[in-house]
Amino acid sequence: MRIDKTFSKKLTAAKNGAVYDAACKRILANKSILAWILKECVEEYSDCSVNDIAKKYIEGSPEISSVPLHRDETEFIIGENTEDSSLKEGTVTYDIRFRAFVPKSEDIIELIINIEAQNNYYPGYPLIKRGVYYCSRIISSQYGTVFSESHYNKKKKVYSIWICTNPPKKRMNTIMRYRMCEDSIYGSAPENHENYDLMSVIMFCLGKSDDENSCGAINLLNTLMSADIKAEEKKNILENDFEVEMTKELESEVSVMCNVSVGILEEGFNKGFNSGMEEGIKEGMEKGMEKGMEKGKIEILSNLINNMNWSLEQALSAAGISEEEKIKYSAFFKKSK
């Protein structure tokens, strides 16, 4: 019976994490929010208004987690869609992928956004390398759909934009771009940059929502991802400060994301508190209460770190742990690794 209960709790935690992740992706796929991201970090839209980007240049409805990462390598699809059609490389899954027009030339550029909630910015490998890999796959997959034979001039530009919610402290509230550039080794014979500047990886690292020095898009995303801001307040900020139209669908997704986050906090507290109370009854009500509260805090922190992929520092702050207790709980979690 105990094994069944433990398994059930793990399933519930996994479900909560999946619901949160799905709501997050659907929110980020909203055209008004995508427009803020493009305005901030895609040079083709630097002179455009956020409203124009959302209404004029983002084509169709963004695709959300609809394509498998790998499939039968012999399968080959012709046509302009959200899949990588490559005989040798198979298909890559993108969290959010869409096409967009370049304002000046009105050509199409391929844009993909990958939302990654990483507790560790270096999860066994540098995320930037994964971004380069994704760009390479998109570029190579254009053969047979966008161009064929030797018509390389028809290739479309690719962006891989990563939203990193838990970066190292030194990277918080930063946007870094990585792309090909021309470097003259000897002499000077400049090439038109559009002939080689075909792929860019952008690392969008979030931080604290109250940082007054961060840019508009980072402030928007920090507000969305904050565990300290309630749903209604988030809706008001999005609508009043960022002019994001709060449709019924968007309001629903913001509420879901906030409610699941609160649910994980409450579930962790109740689980630890009740467990501590059961053991504490034998030792006396006073010691039981103290032990239950401590277990509740540990469970909250564990849920935030393991299920929400938050860093220890972010979890301690969100759980309202005092400065004096932070030392104790930091030592506990470092020892338990």
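The values are calculated or read from the model by the stated rules, or taken from the named source; none is laboratory data. Just so we're clear, the structure is a prediction, and the values are computed from it rather than from any experiment. We place every Cβ from the backbone using ideal geometry, glycine too, and count neighbours over all the protein chains shown. Please note that ligands, DNA and RNA were not included when accessible areas were found on the heavy atoms of the full protein model with its side chains. Shrake-Rupley method; radii C 1.70, N 1.55, O 1.52, S 1.80 Å.
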Residue-count net charge about E253 - beta-carbon cut-off 11 Å; Lys, Arg +1, Asp, Glu -1
+3
Just read off the accessible area of H151 with the full protein assembly in place, 1.4 Å probe, to the nearest 10 Å².
80 Å²
Taking R0 as 45 Å and r as the Cβ-Cβ distance between D241 and Y186, the FRET efficiency 1/(1 + (r/R0)^6), rounded to the nearest 0.05, comes to 0.30
Dividing the Cα radius of gyration by the Kirkwood radius, what Rg/Rh value follows for the stretch 114-184?
1.07
E59/N153 FRET efficiency (R0 22 Å; Cβ-Cβ; nearest 0.05):
0.55
Between S322 and R130, 0.36 nm times their residue separation minus their Cα-Cα distance comes to what?
65.4 nm
In debye to the nearest 20, how big a dipole does the stretch 197-251 give about its Cα centre with +1 on each Lys and Arg Cβ and -1 on each Asp and Glu Cβ?
180 debye
Over 24 Å between Cα atoms, which of K39/K208; K31/K129; K25/K55 qualify?
K31/K129
Students often check this: by mean Cβ neighbours within 10 Å, which of 137-143, 231-237 ranks highest, and how do the rest follow?
137-143, 231-237
